[in-house]
Amino acid sequence: METKEMRAAYTETLMALGAENPNIVVLEADLMSCTGTAVFKKAYPERFINAGIAEANMVGMAAGLSAVGKIPFAASFGCFSSRRVFDQFFLSANYARLNVKLVGTDPGVTAAFNGGTHMPFEDLGLMRVVPKLTVAEPSDPRACAAFTRAAAEMYGCVYLRIPRKAVPFLYPAEETFRFGQAKLLASGKDACIIALGSLMVNEALKAREVLAGEGIDAGVLDALTLKPIDRDAVLTQAGAVRCLVSAENHQIDGGLGSAVAEILAEAGFGGKFSRVGIRDEFGEVGTQDYLMKRFGLDSRTIADQVKKLLSSSR
């Protein structure tokens, strides 16, 4: 299966945007080599700012640049782009109705050997409660490139949550994306797995194969955007299957699982629903594969949740 680094998709799009629009500015918290944006610094040194290991200050600078008409993209590890900068991003950027694009890399267990301190399991919950903020987690390199461009072309603050490493392509080159639109990767008559982000969408697809081997027909809905979430897509699947399971590389509270539960509850959904994700725990050091099993994010766990719901609904 063809793969590509998500940071490459992000950086290549920034380079293209930089060539098209002189107002594109990139800010980093001394992580250019990790994010891959050193090439932007080389090409456009006057439009690149290394704020050092001072992420809150970086976001304040981004807000100031936005106030004078620039389009700033500010990036750091997801733990720093959420917990550490929350007040500055909330007030200086969002409350001020500015145009800051904040990127959080290495979300959830993809932080791996950086360990629990660098493992954001709560960033989506934080960002989801910020008024008017767009929150998205692209699932493949083409979605990442499209959302980076879409963020630059719209006015308003955006939080993009992306892993750095190589992930499989899920969509063809001609696929189009927009914030607030989910994509049905596979339909099913028994269950639907609603997943967010490359890690969990790919695990959901693997779970679909596992379930197919056991005679269960499960679909996979790629949420893509947490806010605004595609309410219609969720309810369409709720009306077409016997059970729903959400899957996220994040705490089950406050993120995708909570958003889906709210949609279902408000719509009076009477069917079966369960959440796969981190269950009120801190992160730890380990390989990504180990951490996925440790925290119950793997395809087997997803498949087991589907089977449990189906057996209880008979």
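The values are calculated or read from the model by the stated rules, or taken from the named source; none is laboratory data. All of these numbers come straight from a predicted model, not from anything done at the bench. Counting neighbours? That spans all protein chains shown, and the Cβs are built from the backbone with ideal geometry, glycine included.
The sole residue among THR3, THR13 that is of a type in the set (Ser, Thr, Tyr) and either crowded, with 16+ Cβ neighbours inside 10 Å or out of contact with any helix residue (DSSP H, G or I) (no Cβ under 9 Å at 6 or more places or on another chain) (or both) is THR13. If the condition is being β-branched (Val, Ile, Thr) and over 21 Å from ALA204 (Cα atoms), then region 136-165 contributes THR148, VAL158.
Considering only residues that are crowded, with 21+ Cβ neighbours inside 10 Å and polar (S, T, N, Q), look in region 95-119 and name the one that is nearest to GLY296 (Cα to Cα).
THR110
Of the residues GLU262, GLU266, the single one that is over 15 Å from the mean Cα position of the chain (by Cα), of a type in the set (D, E, K, R) and more than 25 Å from SER82 (Cα to Cα) is GLU266. Restricted to helices (runs of 4 or more DSSP H) entirely inside region 237-314, those with at least 1 residues that are of a type outside the set (S, T, N, Q) and touching a strand residue (DSSP E or B) at 6+ places or on another chain (Cβ under 8 Å) are 256-266, 299-312.
Residues that are surrounded by fewer than 23 Cβ atoms within 10 Å (Cβ to Cβ), in contact (Cβ under 8 Å) with a residue 60 or more places away in the chain, under 28 Å from TYR159 (Cα atoms) and within 18 Å of the chain's Cα centre (by Cα) do occur in region 297-307.
For region 172-189, the set of residues classified as buried (at least 18 other Cβ atoms within 10 Å of the Cβ) and farther than 22 Å from LEU124 by Cα consists of LEU185, GLY188, listed by residue number. Of all the criteria given as (1) closer than 21 Å to GLY125 by Cα; (2) surrounded by fewer than 23 Cβ atoms within 10 Å (Cβ to Cβ), the one not satisfied by CYS34 is (1).
Regarding ASP232, is this residue within 21 Å of the chain's Cα centre (by Cα), surrounded by fewer than 18 Cβ atoms within 10 Å (Cβ to Cβ) and in a loop (DSSP other than H, G, I, E, B)? Step through it out loud before you land on a result.
Working: within 21 Å of the chain's Cα centre (by Cα): yes; surrounded by fewer than 18 Cβ atoms within 10 Å (Cβ to Cβ): yes; in a loop (DSSP other than H, G, I, E, B): no.
The answer is no for ASP232.
Identify all residues within region 51-92 that are touching an Asp or Glu at 6+ places or on another chain (Cβ under 8 Å) and without any contact (Cβ under 8 Å) to a residue 40 or more places away in the chain; write none if there are none. ALA51, GLY52, ILE53, ALA56, MET58, ARG84, VAL85 - these are the residues of region 51-92 that are touching an Asp or Glu at 6+ places or on another chain (Cβ under 8 Å) and without any contact (Cβ under 8 Å) to a residue 40 or more places away in the chain. Counting only helices (runs of 4 or more DSSP H) that fall entirely inside region 1-106 and contain at least 3 residues that are out of contact with any Phe, Trp or Tyr (no Cβ under 6 Å at 6 or more places or on another chain), of a type outside the set (A, V, I, L, M, F, W, C) and farther than 30 Å from PHE282 by Cα, the qualifying elements are 6-20. Among the residues here, PRO120 does not qualify as modelled with pLDDT of 95 or more, at negative phi and not in a helix (DSSP H, G or I). Being of a type in the set (A, V, I, L, M, F, W, C) and free of Cβ contacts under 8 Å to residues at least 24 places away in the same chain is a property that does not hold for LEU133.
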